[in-house]
Amino acid sequence: MSLTILIVDDEESFRKNTENYLAARGYEVSGVGTLAEARENLTKNSAELVLLDVQLPDGYGPNLLYETASMPSRPPIILMTAHGDIEMAVDAMKNGAHDFLTKPIQYVQLEKSIQRANELVSMRRELQHFRQVQKTRDFITGNSLAMKQVINMAQRAATASVSVLVTGETGTGKEVLAKFIHQSGPRSSKPFIAINCAAIQPTMLEAELFGYEAGAFTGADRKKHGLMEVADGGVLFLDEISSMPLDMQAKLLRVLEERALRRVGGTVLIRVDVQVLAASNRNLKTGIKDGNFREDLYYRLKVVDLHLPALRDRKEDIPELVGYFVRKCNAQQGMNVRDVTPRAMEKMIEYRWPGNIRELSNSIERAMLFCNGEVIDLADLPDLD
Ligand SMILES: Nc1ncnc2c1ncn2[C@@H]1O[C@H](COP(=O)(O)OP(=O)(O)OP(=O)(O)O)[C@@H](O)[C@H]1O
Ligand SMILES: [Mg+2]
């Protein structure tokens with residue numbers, strides 16, 4: 001990517017020559033002759049690097065250092081000082097100038113200095129990109145008190161690296177919250193491994209979780225690591241934990257207590273260090289009463305217990321979520337939907353949302369395809385009755 005450079009110097013011939021020189025080397029260059037013009041250009045065009053003369057017709061160039069410091073882009077500034085003005089140059093460096101060059105400017109030196117600044121700019125770009133990616137993984141809370149409490153507790157549980165039981169209706173964001181906990185804690189650079197206990201045959205669950213040795217059962221022709229070993233150091237997300245068979249629950253409890261497992265058909269005890277997050281959209285207490293869920297495992301899992309409220313119980317968060325999904329969809333599909341009409345928003349606030357946030361997200365995605373490309377209206381929404 002090329003670098004956008006702004007030259008601020010009142011000497012027109014110098015400006016023109018430098019512009020030409022740098023443009024020929026692939027930089028995007030523009031030039032201005034006064035501080036006022038520089039300010040205007042910086043707010044409008046977000047230059048990534050500034051070459052700044054000290055004495056300008058309308059003021060002292062280095063003043064710009066203070067003004068750009070608070071800009072989001074914070075472009076590095078290279079000062080061009082008159083010969084012998086060392087004191088001023090030192091002062092400018094203290095105030096955050098990237099470099100200073102003495103006039104008459106040597107182009108070789110100038111280019112070297114620009115290259116160093118370019119490295120800084122690329123690093124910042126990368127960081128910004130990274131932050132953007134992080135943001136898309138954000139957990140949207142809205143303003144409801146219930147969600148603020150959930151997120152607060154989730155952050156603490158992440159820091160303390162303890163077991164968490166996440167409950168809530170379908171589509172309330174249990175898995176999204178589990179990922180958020182992983183991202184917020186000391187294990188974020190280690191794996192996040194999810195396993196859906198309802199989607200795996202009960203007889204295969206143990207082998208999936210703990211792995212097996214060669215010959216442990218028919219078809220096990222070579223040793224395999226279980227997901228719990230893969231998750232070592234990180235987070236294991238046990239989704240739909242209520243579907244786990246009772247005998248497996250007993251084995252899981254033992255592994256969690258001992259912090260070690262045996263592969264199926266194996267004898268060696270293998271140490272594992274995982275933070276377990278479990279989720280359920282069924283009431284585990286009922287499961288305990290009915291004899292389908294072990295009470296001891298229940299308490300082992302819910303060191304912290306987070307309940308995600310149904311969307312209908314936090315309607316005040318709907319507008320923020322709608323905005324979030326519209327922006328997300330715009331970015332993903334290259335669309336430019338700007339608004340939702342008040343009556344469409346009202347309808348979404350009134351509706352019961354049995355599928356919760358997942359259903360809301362799908363409805364927005366669909367509405368964006370059906371709308372005129374700019375505004376979502378009532379008719380674009382699926383039947384919400
Ligand atoms: N807080 C949130 N912020 C942003 N998006 C969310 C949030 N919660 C849920 N979503 C959206 O809703 C979808 C469903 O969330 P998730 O899969 O976490 O639900 P779930 O509670 O695990 O549902 P189920 O019980 O059906 O498995 C996600 O893919 C995401 O698009
Ligand atoms: Mg889920």
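Descriptive notes on the structure:
- Kyte-Doolittle mean at least -1.0, axial Cα span of 30 Å or more - DSSP H helices of the chain: 107-136
- DSSP-defined beta bridges in the chain - what % are antiparallel, rounded to 5: 15 percent
- With contributions of -39500 (n - 2.57) from each DSSP H run of at least four residues, the per-residue ellipticity at 222 nm computed over the chain stands at -14000 deg cm²/dmol.
- Straight-line cross-link partners of LYS44 among the lysines, defined as a Cα under 29 Å from its Cα and at least 8 positions apart when in the same chain: LYS16, LYS94, LYS103, LYS112, LYS135, LYS328.
- Backbone phi angles across segment 291-300, fed through the Karplus curve with coefficients 6.51, -1.76 and 1.60 (θ = phi - 60°), yield HN-Hα couplings of x, 9, 9, 6, 5, 5, 5, 3, 6, 5 Hz in residue order; Gly and Pro are listed as x.
- Using a Gaussian network model of the chain in which every pair of alpha carbons under 10 angstrom is joined by a spring, one finds that among SER70, SER163, SER144 the greatest mean-square fluctuation is at SER70.
- Built amide H within the under 5 Å cut-off of GLY31, gap 5+: ILE7
- Cross-link pairs beyond the 21 Å C-alpha cut-off, checked among LYS148/LYS174; LYS148/LYS302; LYS179/LYS289; LYS174/LYS285: LYS179/LYS289
- Among SER280, SER46, SER161, the residue with the largest mean-square fluctuation in a Gaussian network model of the chain, with springs joining Cα atoms closer than 10 Å, is SER46.
- With 10 Å bins from 0: P(r) over the chain, alpha-carbon pairs, percent: 4, 18, 18, 15, 16, 14, 9, 4, 0
- Shown here for segment 306-385: trypsin sites (Lys or Arg not before Pro) in loop regions (DSSP other than H, G, I, E, B) with at most 15 other Cβ atoms within 10 Å, namely ARG338, ARG352.
Quick note: the coordinates plus some simple rules give every number you see, no bench work behind them. Remember, it's a predicted structure, so these values are computed and weren't measured experimentally. When we count neighbours, we look across all protein chains shown, and the Cβ atoms used for this are built from the backbone with ideal geometry, even at glycine.
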